[in-house]
Amino acid sequence: MSVYQVKVDSGAESVQLPCKTIVHLPEGVKVMWRDKDDDVVHVCQNSSDQAEEQDRYYRGRTEMKRNLLEPGDLSLTLKYPTDTDSNTYTCTVYNSEKDILMKKQVVLWVKVLSVYQVEVDSEVESVQLPCKTTVHLPEDIKVVWEDRYRKVHVYQNGSDQPEEQDRYYRGRTEMKRNLLEPGDLSLTLKYPTNYDMVIWQKLAEYIG
């Protein structure tokens with residue numbers, strides 16, 4: 001089974017997992033992409049996607065070329081990759097009798113999130129934790145800020161989601177609103193103290 005390796009930065013808009021064949025595929029073939037945990041990433045059969053078979057983590061984030069009846073490209077496009085998408089993906093092609101016609105693997109490495117250092121005196125009124133992107137973000141993006149142990153701030157569909165936020169941070173965080181244009185996802189933390197000296201990360205998740 002052939003294995004490809006693909007590397008991409010976590011801020012990329014998409015990444016392609018290659019799977020190509022020169023074999024003429026018969027009608028009724030089923031193409032299934034899975035990750036190393038055997039979760040279904042994408043399914044295409046009779047030239048149409050089968051979203052109901054897909055794991056919810058990948059819904060709305062995958063796209064595959066449609067013309068499966070000609071020798072060619074079965075590559076999968078994965079949108080908005082993050083470091084949690086670093087994985088081994090397997091493309092398997094089945095005939096109508098469920099026999100395996102082809103199997104290929106792709107190892108995806110997503111570069112870890114950039115790390116910034118911010119220093120501030122504990123007496124200041126607020127501090128900004130920077131996070132900027134040049135990627136055009138869809139309307140239903142979900143942005144999650146976390147420290148090592150807790151959920152700091154959640155923003156989805158144009159509004160904050162305080163019910164998902166850890167109580168320690170409630171009323172102390174604010175995020176810029178315009179997520180529909182490439183730009184600024186920075187978080188403002190009000191009234192910082194020594195207890196706020198932690199490592200933070202931003203996760204931008206596409207929710208289909």
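The values are calculated or read from the model by the stated rules, or taken from the named source; none is laboratory data. Values in this document were obtained by computation on a predicted structure and should not be read as measured data. Ideal geometry is used to build each Cβ from the backbone, glycine not excepted, and the neighbour counts take in all protein chains shown. Remember, those area values only see protein heavy atoms, side chains included, never the ligands or the DNA or RNA. Shrake-Rupley method; radii C 1.70, N 1.55, O 1.52, S 1.80 Å.
Select from region 49-89 the residues that are aliphatic (A, V, I, L, M) and at pLDDT 85 or above and list them in ascending order.
Within region 49-89, ALA51, MET64, LEU74, LEU76, LEU78 meet the criteria.
Being part of a strand (DSSP E or B), open to solvent by 20 Å² or more (accessible area, probe 1.4 Å) and not charged (D, E, K, R) is the filter here; which residues of region 7-39 pass it?
Across region 7-39, the qualifying residues are VAL8, SER14, GLN16.
Kindly indicate whether any position in region 10-20 is of a type in the set (Lys, Arg) and in contact with a strand residue (DSSP E or B) (Cβ under 8 Å, 6 or more places away or on another chain).
yes
So, GLN45, is that one out of contact with any helix residue (DSSP H, G or I) (no Cβ under 7 Å at 6 or more places or on another chain), closer than 18 Å to TYR94 by Cα and open to solvent by 20 Å² or more (accessible area, probe 1.4 Å) or not?
Criteria met by GLN45.
Identify, please: which residue in region 90-120 is open to solvent by less than 90 Å² (accessible area, probe 1.4 Å) and at pLDDT below 85 and is, among those, farthest from the chain's Cα centre (by Cα)?
VAL120
Out of the residues in region 121-149 that are open to solvent by 70 Å² or more (accessible area, probe 1.4 Å) and either closer than 29 Å to ASN194 by Cα or among the charged types (D, E, K, R) (or both), which is modelled with the lowest pLDDT?
Selected residue: GLU139.
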